[in-house]
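The values are calculated or read from the model by the stated rules, or taken from the named source; none is laboratory data. Keep in mind the model is a prediction, meaning the values are calculated, not measured. Backbone-built Cβ (ideal geometry, glycine too); neighbour counts: all protein chains shown. For accessibility, only protein heavy atoms count, side chains too; no ligands or nucleic acids. Shrake-Rupley method; radii C 1.70, N 1.55, O 1.52, S 1.80 Å.
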Amino acid sequence: MQFKLRHTATSFPDALIVPVAQQTGLEAVLSLVADLTDTPIELLKSDFKAGARELQTLYFTEENKRKRLYLLGLGESPRTNDVLNAFRSLVFKRKANLPTKLGLSFLHKNAPENPAPWVEAAINGLLLGRYDIGLYKTDKKPEDGFDPDKFHVEVLVDAPHLEVATVAVQRGQAFAQTHFEVFDLVNAPANKKTPQVLADWAVASGKQHGYAVEVFDEEKIVKTGLHALHSVSKGSEHPPTFIVMEYKPKGEALRKIGLVGKGVTFDTGGLSIKPSTNMHYMKSDMGGAAAVLGAIEMAAKLQLPIHIVAAIPSTENSVDSLSTKPGDVIGSYQGKTIEVIDTDAEGRLILADGLTYIVRNFAPDVLIDLATLTGSTIRTLGTYAGGLFSNNDDLVAQLNQAGERTGERLWRLPLWDDYNKELKSDVADLKNFSGSPAAGAITAAKFLEAFIEKHPAWAHLDIAGMAVADSEFASQKSATGFGVRLLIDYMHSLMEEA
Ligand code: BES
Ligand code: MN
Ligand code: ZN
């Protein structure tokens, strides 16, 4: 797609998209649109309520040509992901006959004073609308695909915001590219996505975007003492990987941020095997890793002045005679011994090693891990927010604000020490599961806390309910890319603070 920024429409495109929210200025926009399209305002007002993703097609004449006008609803006080999803939905619905000369109007009073965040989300969504989940279909006809190269998109904003909107368009494009790759990773089935595949992805991305990647193979994992990661991998024919990444800005860094992502490429539960209903979704048990990979790639693309160090412990959790057994006692990089009561509580084991590794070897100012860690978080928050656990109120405030702005929301849950007694083992330093389903998300977080070496600014994001979601784009749940926009927005807020 080719994008041009304008402050007035030069010649009208073949279709003008007008995004509108249920907020002040809606009436004014509707009356302009009613005039332009010669539609009775009362009819327009009764047919179009600006609900989220609502699409109303109207027609107008310009230079003797009949043209389309798409009114696109954004819902009530939209966050940027509502804008993104509305545009994604429009393209998805109309891609068969979408005119290739498009205009996007942010000129009206219903858009924010500075429309840049809307512009970024709109471009991001516009491009994601053509995401094709049929990765492995053999009967794909070329004409099925919609050809983005044919599109010319004119973005209309008022003159004072041309410059910020230009940057926003570039960012929207950059996000969409990374989102495509992250979606493909999360949606890929486990037989196409081994721990080595995640490592290869990181290496290729690091080369392309300029950040360092080191991949530990099984031998190095054992030698380094990442015993907890290794114990989870024992039942799989695919060896584990431990992916260490570092992005260093060219100039001075504002902050050093440590990221850790859970990279379980398939979670059968191990010998504590899961029921088969919905087990296929456990191919997405690397959603935390995907968020970390996407975030470091985006930070490098955007050249953020933030130093990022990241680790992805990656493994399959499988069933075999060699699998770790319930009751086994294993070691950890930190040195503590762990009694594995339930082999399905594997995420906390591999994250434990990742967290200690990052703290000991890189001493970041802030430590954030993302993981599809517990079903308990889904029972608590549903698919509306990720669980947030942290020992630092400022970090909580910053992450919550980033969540509100991006719509990738988080909700804090407690980390009181009282919960530690759930993790006391008779035979080892701690156990990985209390044996009771009560407060499962919290006890998992308390387990992780035992491995952060008392780091003063740690946040754990349990994104089990957010990494995949139902949508209009697929019949099954599919990847959301949750965490990428959240983390980048958080890093941006650090830049504004500075
Ligand atoms: N990967 C799962 C958590 C999960 C469940 C993610 C559903 C996405 C959707 C995790 O490894 C797991 O199995 N957790 C167990 C822990 C329990 C055995 C203590 C759970 O939440 O049931
Ligand atoms: Mn599990
Ligand atoms: Zn898991």
Cα centroids of the stretch 478-498 and the stretch 390-435: how far apart, whole angstrom?
20 Å
Carbon plus sulfur, as percent of the 1.4 Å-probe accessible area of the stretch 188-497, comes to 51 percent
Angle between the Cα long axis of helix 287-301 and the longest principal axis of the chain, 0 to 90 degrees, nearest 10?
60 degrees
Against the empirical 2.2 N^0.38 Å scaling, what ratio does the C-alpha Rg of the stretch 376-498 come to?
1.17
How many Å² of accessible area per residue for the stretch 188-497, probe 1.4 Å?
38 Å²
Could you name the lysines in cross-link range of K424, using Cα to Cα under 26 Å and dropping any fewer than eight places away on the same chain?
K234, K262, K274, K325, K336, K446, K454
Dipole in debye (nearest 20) - the chain, about Cα centre, beta carbon charges: Lys, Arg +1; Asp, Glu -1:
700 debye
Within 10 Å, count the other beta carbons around each residue, average over each peptide in 332-343, 307-318, 368-379, and list them highest first.
307-318, 368-379, 332-343
Length gained, K248-V396, 0.36 nm per residue minus C-alpha separation, equals 50.8 nm
If I fit a long axis through the Cα atoms of helix 440-449 and take the longest principal axis of the Cα atoms of the chain, what angle between them do I get, 0 to 90°, rounded to 10?
70 degrees
On full extension of the chain, what length is gained from Q476 through W416, given 0.36 nm per residue of separation minus the C-alpha to C-alpha distance?
17.9 nm
For F433, the residues 5 or more places away or on another chain with a placed amide H closer than 5 Å to its own amide H are I341, D342
Give me the percent relative contact order of the chain, please, defined on Cα pairs under 8 angstrom at least 6 residues apart.
14 percent
Net charge around E181, counting only other residues with Cβ within less than 15 Å of its Cβ (Lys, Arg = +1; Asp, Glu = -1)?
+2
Using the alpha-carbon centroid of each, what span in Å lies between the stretch 352-367 and the stretch 41-95?
47 Å
Give a quick list of trypsin sites (Lys or Arg not before Pro) in the stretch 38-125 that DSSP marks as loop, anything other than H, G, I, E or B, with at most 16 other Cβ atoms within 10 Å.
K49, K95, K109
Folded to 0 to 90 degrees: helix 116-128 orientation relative to the chain principal axis, Cα
80 degrees
For q values of 0.16 Å⁻¹, compute log₁₀ I(q)/I(0) with the Debye formula on a Cα-only model of the stretch 188-497, without solvent.
-1.37
Give the lysines reachable from K4 as a straight Cα distance under 20 Å; neighbours fewer than 8 places away on the same chain don't count.
K67, K101, K150
Which aspartates and glutamates have a Cα lying under 20 Å from the Cα of K137, excluding residues fewer than 8 positions away in the same chain?
D147, E181, D184, E472
In the full protein assembly as shown, how much of H108 is accessible to a 1.4 Å probe, in Å² to the nearest 10?
30 Å²
The summed charge of the I273 Cβ neighbourhood (under 13 Å; Lys/Arg +1, Asp/Glu -1) stands at -3
For the stretch 112-178, the accessible surface attributable to carbon and sulfur atoms (probe 1.4 angstrom, ligands and nucleic acids excluded) amounts in percent to 53 percent
Could you work out [θ]222 nm for the chain from helices alone, using -39500 (n - 2.57) per DSSP H run of at least four and dividing by all its residues? Round to the nearest 500 deg cm²/dmol.
-11500 deg cm²/dmol
Tensor-based shape of the stretch 191-256 (alpha-carbon gyration tensor, a/c under 1.5 rounded, otherwise prolate or oblate)
oblate
Tell me which residues come under 5 Å, amide H to amide H, from N391 once H is placed; ignore anything under 5 positions away on its chain.
W458
Over the stretch 298-384, what is the relative contact order in whole percent, taking alpha-carbon pairs under 8 Å and six or more residues apart?
25 percent
Net length gained if the chain between D328 and E27 were fully extended (0.36 nm per residue, minus Cα distance)
101.7 nm
Need one word for the stretch 369-409: rounded, prolate or oblate. Basis is the Cα gyration tensor (sqrt eigenvalues a ≥ b ≥ c); a/c below 1.5 gives rounded, then a/b vs b/c decides.
oblate
